[in-house]
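The next block holds one structure in the form of structure tokens; read it before the comments.
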Amino acid sequence: MIYKFKSAAAADVIMMGPNGEQLLRLMGREPAAQGIVTQSQLGAAISALEQAVAEDEAEFARLQIEAQAAGEPAPKREGISLRQRAWPLLEMMRLSLVERQDVVWGA
């Protein structure tokens, strides 16, 4: 499945199914073929995604410190980080919040 997030405040954000589902769950939403984050819900959704990104970054930093302390090579990120994955949707939601627009998605 492909998720296409839309808002009148920004360009569309398109994600493959697993990635879109991950971000929806991090925002406290159940993945569905269609949905909406209303203007009044955007602040909480943004905060939830930002918190998840911060936790992911902190965990990766902890792993690097532990590896360095053990004299092992520092781990490297494989693939795209959560920060990179969430950035386009976060930007859409921030613009939508400023312009008082809902964010909707459909498959």
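The values are calculated or read from the model by the stated rules, or taken from the named source; none is laboratory data. Quick caveat, the model's predicted, so the values are computed rather than measured. With ideal geometry, Cβ positions are generated from the backbone for all residues, glycine too; neighbour counts draw on all protein chains shown.
Numbers for the structure displayed
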quantity: Residue check for S47: under 11 Å from the mean Cα position of the chain (by Cα) and not in a strand (DSSP E or B); calculated: yes
quantity: Subset tally (residues that are within 14 Å of the chain's Cα centre (by Cα) and either buried (at least 19 other Cβ atoms within 10 Å of the Cβ) or among the acidic types (D, E) (or both)) for region 4-25; calculated: 7
quantity: Residue check, W105 of a type in the set (F, W, Y) and farther than 15 Å from K6 by Cβ; calculated: no
quantity: Some residue of region 63-70 being crowded, with 17+ Cβ neighbours inside 10 Å and either out of contact with any Lys or Arg (no Cβ under 8 Å at 6 or more places or on another chain) or among the acidic types (D, E) (or both); calculated: no
quantity: Residue selected from region 68-107 under the condition free of Cβ contacts under 8 Å to residues at least 24 places away in the same chain and assigned to a helix (DSSP H, G or I), by the criterion farthest from G17 (Cα to Cα); calculated: A69
quantity: Test: G79 is under 16 Å from V103 (Cβ atoms) and either small (G, A, S) or touching a Gly at 6+ places or on another chain (Cβ under 7 Å) (or both); calculated: no
quantity: Residue count, region 26-40 (criterion: under 15 Å from E91 (Cα atoms) and either without any contact (Cβ under 8 Å) to a residue 60 or more places away in the chain or surrounded by fewer than 13 Cβ atoms within 10 Å (Cβ to Cβ) (or both)); calculated: 1
quantity: Test result for A9, out of contact with any Lys or Arg (no Cβ under 9 Å at 6 or more places or on another chain) and either farther than 17 Å from W105 by Cα or of a type outside the set (D, E, K, R) (or both); calculated: no
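The rows are residues; the columns are (1) assigned to a helix (DSSP H, G or I); (2) on the phi > 0 side of the Ramachandran plot; (3) at pLDDT 95 or above.
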| position | (1), (2), (3) |
| --- | --- |
| F5 | no, no, yes |
| E21 | yes, no, yes |
| E30 | no, no, no |
| I36 | no, no, yes |
